[in-house]
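Working notes, beginning with the structure itself.
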Number of protein chains: 2
Amino acid sequence: MAIVLPLQGKYMRMKIALAQINITIGDFEGTARKIKQYVQQARNGGARLVIFPELSITGYPPRDFLEFEDFVQQAGAVLEQLKPLSRDIGILVGLPTPNPQPEGKDLHNTAVLLYQGKELHRQHKTLLPTYDIFDEYRYFEPAASWNTVEFEGLRLAVTICEDLWNLGNENPLYTINPMAKLMSRKPDIIINLSASPFDYRHAHERIRVLRANVQAYDLPIVYVNYAGAQTDLIFDGGSLVIDKEGNIRKELPFFEEKLDFFDTDEFSLPGQDNERPKEKISLIHDALITGIRDYFGKIGFRTAILGLSGGLDSAVTAALAARALGPGNITALLMPSEFSSESSVSDAKALVRNLGINAETLPITPVFDPTMDVLRPYLGPGFDVTEENIQPRIRMIYLMAFSNRFGHVLLNTSNKSELAVGYGTLYGDLAGGLSVLGDVYKTQVYELARYINRNEEIIPQNILDKPPSAELRPGQKDTDTLPPYDVLDPILHLYIEERKSPSDIIEQGYDAALVRRILRMVNRNEFKRYQLAPVLRVSPKAFGMGRRMPIVAKYLE
Amino acid sequence: MAIVLPLQGKYMRMKIALAQINITIGDFEGTARKIKQYVQQARNGGARLVIFPELSITGYPPRDFLEFEDFVQQAGAVLEQLKPLSRDIGILVGLPTPNPQPEGKDLHNTAVLLYQGKELHRQHKTLLPTYDIFDEYRYFEPAASWNTVEFEGLRLAVTICEDLWNLGNENPLYTINPMAKLMSRKPDIIINLSASPFDYRHAHERIRVLRANVQAYDLPIVYVNYAGAQTDLIFDGGSLVIDKEGNIRKELPFFEEKLDFFDTDEFSLPGQDNERPKEKISLIHDALITGIRDYFGKIGFRTAILGLSGGLDSAVTAALAARALGPGNITALLMPSEFSSESSVSDAKALVRNLGINAETLPITPVFDPTMDVLRPYLGPGFDVTEENIQPRIRMIYLMAFSNRFGHVLLNTSNKSELAVGYGTLYGDLAGGLSVLGDVYKTQVYELARYINRNEEIIPQNILDKPPSAELRPGQKDTDTLPPYDVLDPILHLYIEERKSPSDIIEQGYDAALVRRILRMVNRNEFKRYQLAPVLRVSPKAFGMGRRMPIVAKYLE
């Protein structure tokens, strides 16, 4: 292939720094410090322009903090602080800015280019994602004008995240296209400030969409994303430079804060595609570890506690937490009941040894029995879900006592399959400050376990081999109430991720009565999920802010 | 004042039926049945036109059910069923309809007028509320064309809820105004299909906004709202007919399903204002009762359980629940500990007698002691928040055991003041399927109690008189940790409802250190509120879907 010189000579020598930062929402002091530090680093590396992600001064998503005038003013004050630093380097940052018009929403989502101590350019975001976990039209008025900016001989088309995402879809979400508007100004390069949360499809999808833009506009793109987690949302980094031919000239690491450089004169060299490998289960694994690490780090907690049942979900949660926080910072409680099998305790103990985490064993019978003594006169004889639920609730009391006394955060270990059908005890095993596996179906938890074990047996093989059980009554198995997970999970996926109707799902070959029963379970258990901790999001449709269902309703019931 | 004949003679005799219905979201069968029944009733009463609320076929808000094609198709199927009924009467209903354009959101929020067996007119909603509890731009593309419809000699301007709300504000939320567009067609009357949830300001606000429209366009308005609750949102009814002079010719009852008639020839009679009285605390009282009644009724539960501490919040919750569900359907558990005062138990028992509800007394010491026996070796000596929290968690186990065995729904009794500052135990007293008082500040709970007692002492006076206490350690008082509620509540109101900054609040005369401490408590306790049951919304800013704050953040901390 011939060497192509896609860009004019005039900007061959422009070095750009991509600042893929990880910040805490609303931490204006810490963020200002970090941005200044990275500006310095960019300058030291010879960059003429340093690019930060979308809303880089507030963090993303700031949610209803945006309704506080004070919050927006504090962001503006940080912008002022940055101006003097831009004397000899362009600084491209994002922040909410007041909409000067009386009509419309009070704010814009804005990218500002600082240079030579003042504001050289501002461009508001046009396409405001308002779906799934996004609520941008709640706060922002879209841009009504579009302009490029001349910077050091290069004409930049500055766009913000979704502004480039209305392309390459058969069913575009928006009626206008800001990049098309900017094209009339004949830009040389597209810059995109992004805040694009991870899901297991996203890294591929992002490249597909950016390439569609490269192709449509015949321009290279520099794309800068966040790294790190904001509660449930995990930003995967992976900032990109793509040339006019669609080659990935640079792809920053995943889940890792990083400043890196790209020199535009490299565009005149032959294009090589430097795309990083993207293996789904490895990305999910790293995303969950990032989610745990930043949840703790950003709220200022170091240590976690969880219940180890001897089952798969708590084993995988413990393994991920040990990697995220260090094994010495994890305490596991083994809390057997009279229904716990011998192997549950021995498997859990083997896991504790393999991971090197702390563990204590606290039986629940000494509390279960007196609880039943108090309740029996009212409940009468019998053993049903009432007595089953009391057991995980006693475990919650133990776990929360450790949490309260020692400042550990309780990790929830429920998986997406059981959360979907309501197979869990409210205020029992559904408790916890953060749900680690709540967006991971049971069949994917098995995959994660095998991935964790890929080099050595960390999770004892017996935990993977034995049939799943809640062990709340003698001889209980998950399959007493639920179909096997390799049947359940695809049905759940079709309903939750794909939003298929019962008849669509049945058409794919699943038993009609089973499909109806499962969808009814999903809908009837919204009330439990409503009270669940934030769920680390790794799929395109996670429980939580991104899936908003009525609790009181009769659809498909 | 002279008699004014605001409308031309041609439609003097048009009788309109306002159908202020109460339906369950997604209950297509039940809703179709109810709409048909009301159409029949309207026809029997001689109406030429019957008007239902916004999205009357699905219920409001359908939330992410709207992402299911099947859901939208089922709504369309109900519309088809209604056509034959429109042979001799106009039926104006609301439903989601597919957007035929590939660009933009997939749906419109549409009002359809059926007549003579077919669709005579459809108008999409233009202004899509996307703030507080509203998410309409998540689903809907706004209208891009506007037209009136000739119906029986009358030219109707059909609008949907928010379409009339961009008027009378100094800071309009939208850049366009659909009613101004419709005016070019010279309509005779404005019709508004609404789904406007209650808050204690709303009934006044609604009249103010509608009058601003009357004044701006010199047209009468017929406005139809829902009655009844959808989980946390309570629709107060209060459907209106307002004449050109701004007189309220008809105002339907609050919180009550009702079909009523208005004959347009009454517009030629002298205007009398028939506004119903609107007393804030009485509206809140009725709203909460509606919220409890419909939550239970629509999920098919009849009975409630709650813990009675002898304090004010549980007393008021019990009184409201007894009114909503009938005293025989309420079971209260008295669960004293060694820290409970004598008067707590005797006050609670007096309340039980006054209300005629069921009650049982179950001490928690027989479980607390063995729990501490298990935990003490790990926790070591001492008594802090750890031991305090164990007590409400044991109570939760009792309450949930009754709930599981007997099918009672657990009512949460926390008030807005304590939820705001995190004064409550997660998985303890914060448990429950529905939060009754979670949007009522403590000072308002006192007002509610006095209102409930206005004719006779239902809530024992001693419960109102004694200082509030959680009774989790010897001699504990709320004021050990919190300022008095008449100081706390106004600060919380300024921050939560008014979104004021610390400096704004301090300027109003509150102690600076106190203000900072309280706001920090509010922000640090998002994680607890995230796991709270739905909160019946009675204020302009309730915890839940309408207030979306980051959990991991550093703003004002």
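The values are calculated or read from the model by the stated rules, or taken from the named source; none is laboratory data. Just so we're clear, the structure is a prediction, and the values are computed from it rather than from any experiment. Positions of Cβ are generated from backbone atoms using ideal geometry, with glycine treated the same way; all protein chains shown enter the neighbour counts. Areas reflect the complete protein model, heavy atoms only, side chains present, ligands, DNA and RNA absent. Shrake-Rupley method; radii C 1.70, N 1.55, O 1.52, S 1.80 Å.
Answer yes or no as to whether A:Leu482 is modelled with pLDDT under 95, farther than 21 Å from A:Asp286 by Cα and surrounded by 19 or more Cβ atoms within 10 Å (Cβ to Cβ). So that I can check it myself, show each step before the final result.
Details: modelled with pLDDT under 95: yes; farther than 21 Å from A:Asp286 by Cα: yes; surrounded by 19 or more Cβ atoms within 10 Å (Cβ to Cβ): yes.
In short, yes.
List, please: which pairs have Cβ atoms under 8 Å, are six or more places apart or on different chains, and start with a residue in the range A:18-40 that is within 19 Å of A:Leu233 (Cα to Cα) and open to solvent by 20 Å² or more (accessible area, probe 1.4 Å) and end with one that is among the small types (Gly, Ala, Ser) and modelled with pLDDT of 95 or more?
Final answer for the pair search is A:Asn22/A:Ala227; A:Asn22/A:Gly228; A:Asp27/A:Gly59; A:Asp27/B:Ala553.
Exactly one condition in (1) away from chain B (no Cβ under 14 Å); (2) part of a strand (DSSP E or B) is false for A:Gln41; which is it?
Among (1) away from chain B (no Cβ under 14 Å); (2) part of a strand (DSSP E or B), A:Gln41 violates only (2).
Can you tell me which residue within the range B:290-317, out of those that are of a type in the set (A, V, I, L, M) and within 19 Å of the chain's Cα centre (by Cα), is nearest to B:Pro392 (Cα to Cα)? Explain how you work it out, then say what you get.
We begin by selecting, within the range B:290-317, every residue of a type in the set (A, V, I, L, M); these are B:292, B:299, B:304-306, B:308, B:312, B:315-316.
If we keep only those that are within 19 Å of the chain's Cα centre (by Cα) as well, we get B:292, B:299, B:316.
Numbers: B:Ile292: 23, B:Ile299: 27, B:Val316: 19 Å.
Residue satisfying both the conditions and the ranking: B:Val316.
In the set B:Pro366, B:Pro336, which member is in a helix (DSSP H, G or I) and at negative phi?
Within the list B:Pro366, B:Pro336, the selection yields B:Pro366.
Would you check if A:Thr130 is closer than 28 Å to A:Asp64 by Cβ, within 14 Å of chain B (Cβ to nearest Cβ) and open to solvent by less than 10 Å² (accessible area, probe 1.4 Å)?
Against the criterion (closer than 28 Å to A:Asp64 by Cβ, within 14 Å of chain B (Cβ to nearest Cβ) and open to solvent by less than 10 Å² (accessible area, probe 1.4 Å)), A:Thr130 qualifies.
All but one of (1) open to solvent by less than 40 Å² (accessible area, probe 1.4 Å); (2) within 9 Å of another protein chain (Cβ to nearest Cβ); (3) outside any helix (DSSP H, G or I) hold for A:Thr371, so report the exception by its number.
Status for A:Thr371: all satisfied but (3).
For the range A:296-328, enumerate the residues that are surrounded by fewer than 19 Cβ atoms within 10 Å (Cβ to Cβ), within 14 Å of chain B (Cβ to nearest Cβ) and part of a helix (DSSP H, G or I).
Selection gives A:Gly297 alone.
Just for the range A:84-106: of the residues that are hydrophobic (A, V, I, L, M, F, W, C) and open to solvent by less than 10 Å² (accessible area, probe 1.4 Å), which one is farthest from the other protein chains (Cβ to nearest Cβ)?
A:Ile89
So how many residues does the range B:539-556 have that are more than 8 Å from chain A (Cβ to nearest Cβ) and of a type outside the set (S, T, N, Q)?
6
Check B:Gln74, B:Gln81 and return the single one that is open to solvent by 10 Å² or more (accessible area, probe 1.4 Å) and more than 12 Å from chain A (Cβ to nearest Cβ).
Step by step, each of B:Gln74, B:Gln81 is checked, and only B:Gln81 is open to solvent by 10 Å² or more (accessible area, probe 1.4 Å) and more than 12 Å from chain A (Cβ to nearest Cβ).
Do you know which residues across the range B:519-557 are in a helix (DSSP H, G or I), among the aliphatic types (A, V, I, L, M) and open to solvent by 10 Å² or more (accessible area, probe 1.4 Å)?
If the condition is that a residue be in a helix (DSSP H, G or I), among the aliphatic types (A, V, I, L, M) and open to solvent by 10 Å² or more (accessible area, probe 1.4 Å), then B:Met521 is the only one that fits.
Give the residues of the range A:276-288 that are open to solvent by 30 Å² or more (accessible area, probe 1.4 Å) and of a type outside the set (D, E, K, R), sorted by residue number.
Selection gives A:Pro277 alone.
Any residue in the range B:136-164 that is away from chain A (no Cβ under 14 Å) and under 18 Å from B:Val72 (Cα atoms) sitting within a Cβ distance under 8 Å of a residue that is in a strand (DSSP E or B) and open to solvent by 10 Å² or more (accessible area, probe 1.4 Å)? List the pairs, counting only those 6 or more apart or interchain.
none
Considering only residues that are open to solvent by 20 Å² or more (accessible area, probe 1.4 Å) and within 8 Å of chain B (Cβ to nearest Cβ), which ones fall in the range A:340-368?
A:Glu360, A:Pro363, A:Pro366 - these are the residues of the range A:340-368 that are open to solvent by 20 Å² or more (accessible area, probe 1.4 Å) and within 8 Å of chain B (Cβ to nearest Cβ).
Quick one: in the range A:280-295, of everything that is closer than 17 Å to A:Gly237 by Cβ and among the hydroxyl-bearing types (Ser, Thr, Tyr), which residue is nearest to the other protein chains (Cβ to nearest Cβ)?
Among them, the one singled out is A:Thr290.
Which ones in the range B:477-533 are at the interface with chain A (Cβ under 10 Å from one of its Cβ atoms) and closer than 25 Å to A:Ala431 by Cβ?
Of everything in the range B:477-533, those that are at the interface with chain A (Cβ under 10 Å from one of its Cβ atoms) and closer than 25 Å to A:Ala431 by Cβ turn out to be B:Asn523, B:Arg524, B:Glu526, B:Phe527, B:Lys528, B:Tyr530, B:Gln531, B:Leu532, B:Ala533.
What about A:Gly59, is it open to solvent by 10 Å² or more (accessible area, probe 1.4 Å), small (Gly, Ala, Ser) and within 14 Å of chain B (Cβ to nearest Cβ)?
no
Take the range B:329-362 and flag every residue that is in contact with a Ser or Thr (Cβ under 9 Å, 6 or more places away or on another chain), at pLDDT 95 or above and small (Gly, Ala, Ser).
Those that are in contact with a Ser or Thr (Cβ under 9 Å, 6 or more places away or on another chain), at pLDDT 95 or above and small (Gly, Ala, Ser): B:Ala332, B:Ala348, B:Ala359.
Would you list the helices (runs of 4 or more DSSP H) that sit entirely within the range B:386-470 and hold 2 or more residues that are more than 21 Å from B:Phe527 (Cβ to Cβ) and touching a helix residue (DSSP H, G or I) at 6+ places or on another chain (Cβ under 9 Å)?
Details: elements: B:416-421, B:442-452, B:461-465.
Hits in the range B:386-470: B:442-452, B:461-465.
Wholly within the range A:48-151, which strands (runs of 3 or more DSSP E) include no fewer than the required count, namely at least 2 residues that are within 14 Å of A:Thr31 (Cβ to Cβ)?
A:90-98
Hey, can you tell me all the residues within the range B:389-408 that are of a type outside the set (A, V, I, L, M, F, W, C), more than 7 Å from chain A (Cβ to nearest Cβ) and crowded, with 20+ Cβ neighbours inside 10 Å?
Within the range B:389-408, B:Gln391, B:Pro392, B:Arg395, B:Ser403, B:His408 qualify.
How many residues are in contact with a helix residue (DSSP H, G or I) (Cβ under 7 Å, 6 or more places away or on another chain) and either assigned to a helix (DSSP H, G or I) or open to solvent by less than 20 Å² (accessible area, probe 1.4 Å) (or both) if we restrict to the range A:485-503?
Within the range A:485-503, residues that are in contact with a helix residue (DSSP H, G or I) (Cβ under 7 Å, 6 or more places away or on another chain) and either assigned to a helix (DSSP H, G or I) or open to solvent by less than 20 Å² (accessible area, probe 1.4 Å) (or both) number 11.
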